[in-house]
């Protein structure tokens, strides 16, 4: 079976849906193909803890979050920034709120209502959605899909690939597209885990007592970054959480593959007060009681101090004070790519033109997490996915309308 369409969108995540939105209403036939049984599965998973749409910080600071990949993402984000994301959500009847950390959420903190309204609007605007269609590559000029009724060939005048990275393959982002594009001569940076936890060899006592507990408030620094305050989560395998995600790009593995971080267990406290509290005579009180009574340091933070500080150091007030303010932790390897929140790597910038079209196949545009950019959690990932989808969708449809004008 062969179908002819003006624009084929391959991938039903936020980037693909936004690309489709920007192609509709221009007199073009737009079809979206999704390998899973429904669209937006990773989008819904991201919303389980309250959908973090974007971040409210100033634009320049926002752009800095993309690190070395900023040159790639900046054009998209200047055209569709955090304010534009909130305005777009409002067109779906979704009001947004700013949390205490500056993150932006739907007022009901739910992803499903936004996705339902969005998909309904896209269908009403003429989008044809084909689920259970896995992209297999090309056969000549035609796209090939494995569909419910067998192999389907689709001839599209323009294609937008929005196939995701390599994290959470069970939801569809499995990186299966990498060899298909590499065979076309597309330059691709290897996919690697980003926004991911790291292993730490906890003692069995610490693991059983504290796994699953948040470390907050804490601050963290690496050898290449300054202090940043936030949260971490102790897991049975090690550590994860927003601080690791934000500073992950600064981690520098040594020859054995380990990284060193330091944690401030009492960020914002007065160092002199800490030193004085620990230096005062403690009588018969245990060091843990001193931490609790004089500094309010209890629970998992006190447990981590005991886990990492030798017993003889606990009786040395100066050494104990230094450890509270800069406790060294050795991180082992990151968790597997399949467990990561997102992936870095993907189609390199030099393989794309200004409209995110492949230079080796100018009729094929790419967007979303399959491109070689990276960002921490906090709304930056989703904002850039939406912005890149919009950029690619507008470029694809505009170029096609230009072709129509020459027909």
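The values are calculated or read from the model by the stated rules, or taken from the named source; none is laboratory data. All figures in this text were calculated on a predicted structure; none of them were measured in a lab. As a convention, Cβ positions derive from the backbone with ideal geometry for all residues, glycine included, and neighbour counts pool all protein chains shown.
Note on segment 152-166: residues that are closer than 12 Å to residue 3 by Cβ and either surrounded by 19 or more Cβ atoms within 10 Å (Cβ to Cβ) or modelled with pLDDT under 95 (or both) total 3. Please find, within segment 167-188, the residue that is nearest to residue 46 (Cα to Cα) out of those that are in contact (Cβ under 8 Å) with a residue 60 or more places away in the chain, surrounded by fewer than 17 Cβ atoms within 10 Å (Cβ to Cβ) and touching a strand residue (DSSP E or B) at 6+ places or on another chain (Cβ under 8 Å). It comes out as 187.
Do the conditions hold for residue 372, that is, is it within 16 Å of residue 167 (Cβ to Cβ), touching a strand residue (DSSP E or B) at 6+ places or on another chain (Cβ under 7 Å) and surrounded by fewer than 24 Cβ atoms within 10 Å (Cβ to Cβ)? Answer is yes for this residue. Whether any residue in segment 374-384 is in the same structural domain as residue 160 (by TED's automatic domain parsing) and in a strand (DSSP E or B) is what I want to check. Checking segment 374-384: not a single residue is in the same structural domain as residue 160 (by TED's automatic domain parsing) and in a strand (DSSP E or B). Selection of segment 140-150 for residues being surrounded by fewer than 15 Cβ atoms within 10 Å (Cβ to Cβ) and either touching a strand residue (DSSP E or B) at 6+ places or on another chain (Cβ under 6 Å) or on the phi > 0 side of the Ramachandran plot (or both) yields 140, 146, 150.
Scan segment 178-204 residue by residue and report those that are touching a helix residue (DSSP H, G or I) at 6+ places or on another chain (Cβ under 6 Å) and in a helix (DSSP H, G or I). Hits for segment 178-204: nothing passes. Applying the criterion of at least 2 residues that are in the same structural domain as residue 292 (by TED's automatic domain parsing) and surrounded by fewer than 20 Cβ atoms within 10 Å (Cβ to Cβ) to the strands (runs of 3 or more DSSP E) found wholly in segment 205-272 leaves 214-222, 228-234, 259-264.
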